[in-house]
């Protein structure tokens, strides 16, 4: 065991505290994180002022670090080959799709993830996305039974509630890419804003553009407004409640629009296209079977031509991540003629 200074924080603050220690250059990678009484114990090189009223700085003992093993190694051999090799981490919460045949082992799987990843506060099974607002349904497996957390992404922090608004950490590079494409003088509309990753990251760039975030989900908009304040950009983004299909006409014209609603986003893209300026770009996300990915952009344009008289060209088609064994989450950039 090794004695070291330690930053002790509630588990829900664990990810933010780890990032703070890393940004200050005081994190100790040579020691394992600890856990006790519902708190995360983070080894640090020197004492600091506690960052929150609920945190303390102490002296504690730690085990020397070793390369992290897989959570599968902590489960019975008969389960390992059926378990997913990856899962999503949102803040300090894990979302995993447990195969149906292993449903009875959910608690054990959750506990194994907590043991392998001591900075994780809670583990949830992903039961799929559905409902009017396309929110993910999750079932608690282990650890803290809360769905709210703080997720960090490219210098921004996001209040996320898994039960209130859809959020995918797998889209992080897309959030940054689209936000980075916004140029001075443009009007950018995030037509399905959720908790605001596109809008917040664009605002943090301090680009001289008009930024508009639209969503029909009131709970998502509450989190979005919190995130604008949290990242100190609340004066940079206009928040518009309502269904994008009905409000986009009142926001036109605009130069760039993001439609991130992979299941059912085409009607919103159809509503957005007429308000897009000539030469403007639509960033559209859809689920496509792997053989159809390359043709998805042109097929989408064909549908727009038939429905709203849209003409344009495909700038880019890109697989963001696997969605199922056969399907892929796909990003398509379309330019309007």
Considering residues that are modelled with pLDDT under 90 and within 25 Å of residue 275 (Cβ to Cβ), the number found within region 321-330 is 0
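Per-residue answers, yes or no, for (1) crowded, with 17+ Cβ neighbours inside 10 Å; (2) at pLDDT 90 or above; (3) within 12 Å of residue 95 (Cα to Cα):
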| residue | (1), (2), (3) |
| --- | --- |
| 121 | yes, yes, yes |
| 134 | yes, no, no |
| 141 | yes, yes, yes |
| 145 | no, yes, no |
Over region 51-74, the set of residues surrounded by 10 or more Cβ atoms within 10 Å (Cβ to Cβ) and within 28 Å of the chain's Cα centre (by Cα) is 51, 52, 54, 55, 68, 69, 70, 71, 72, 73, 74
* State whether the residues of region 312-320 include one that is in contact with a helix residue (DSSP H, G or I) (Cβ under 8 Å, 6 or more places away or on another chain), surrounded by fewer than 13 Cβ atoms within 10 Å (Cβ to Cβ) and closer than 19 Å to residue 255 by Cβ. => yes
Checklist entry - Quick check: anything in region 154-174 in contact with a helix residue (DSSP H, G or I) (Cβ under 6 Å, 6 or more places away or on another chain), at pLDDT below 90 and under 24 Å from residue 7 (Cα atoms)? => result yes
All-but-one check, residue 203 against (1) at negative phi; (2) surrounded by 24 or more Cβ atoms within 10 Å (Cβ to Cβ); (3) under 15 Å from the mean Cα position of the chain (by Cα), failing number (3)
Review point. Is at least one residue of region 32-50 touching a helix residue (DSSP H, G or I) at 6+ places or on another chain (Cβ under 8 Å) and either over 18 Å from residue 118 (Cβ atoms) or modelled with pLDDT under 85 (or both)?
Key: no
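Is it true that residue 234 is part of a strand (DSSP E or B) and over 21 Å from residue 307 (Cβ atoms)? Walk me through how you get there before you give the answer.
Values: part of a strand (DSSP E or B): no; over 21 Å from residue 307 (Cβ atoms): yes.
Against the criterion (part of a strand (DSSP E or B) and over 21 Å from residue 307 (Cβ atoms)), residue 234 does not qualify.
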The residue that is surrounded by the fewest Cβ atoms within 10 Å (Cβ to Cβ), considering only those in region 123-132 that are at pLDDT below 95 and closer than 11 Å to residue 162 by Cα, is 129
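Residue-by-condition table, conditions (1) over 22 Å from the mean Cα position of the chain (by Cα); (2) over 25 Å from residue 184 (Cα atoms); (3) outside the structural domain of residue 193 (by TED's automatic domain parsing); (4) exposed (fewer than 14 other Cβ atoms within 10 Å of the Cβ):
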{"site": "258", "(1), (2), (3), (4)": "no, no, no, no"}
{"site": "261", "(1), (2), (3), (4)": "no, yes, no, no"}
{"site": "266", "(1), (2), (3), (4)": "no, yes, no, no"}
{"site": "271", "(1), (2), (3), (4)": "yes, no, no, no"}
{"site": "287", "(1), (2), (3), (4)": "no, yes, no, no"}
{"site": "291", "(1), (2), (3), (4)": "yes, yes, no, yes"}
{"site": "297", "(1), (2), (3), (4)": "yes, yes, no, no"}
Over region 52-101, the set of residues farther than 30 Å from residue 322 by Cα, at pLDDT below 85 and outside any loop (DSSP other than H, G, I, E, B) is 64
With criteria (1) in a helix (DSSP H, G or I); (2) modelled with pLDDT under 90, residue 310 comes up short on (1)
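The values are calculated or read from the model by the stated rules, or taken from the named source; none is laboratory data. Worth saying up front: this structure is predicted, and the values here are computed from it rather than measured. Neighbour counts are summed over all protein chains in view; Cβ atoms, including those assigned to glycine, are modelled from backbone coordinates with ideal geometry.
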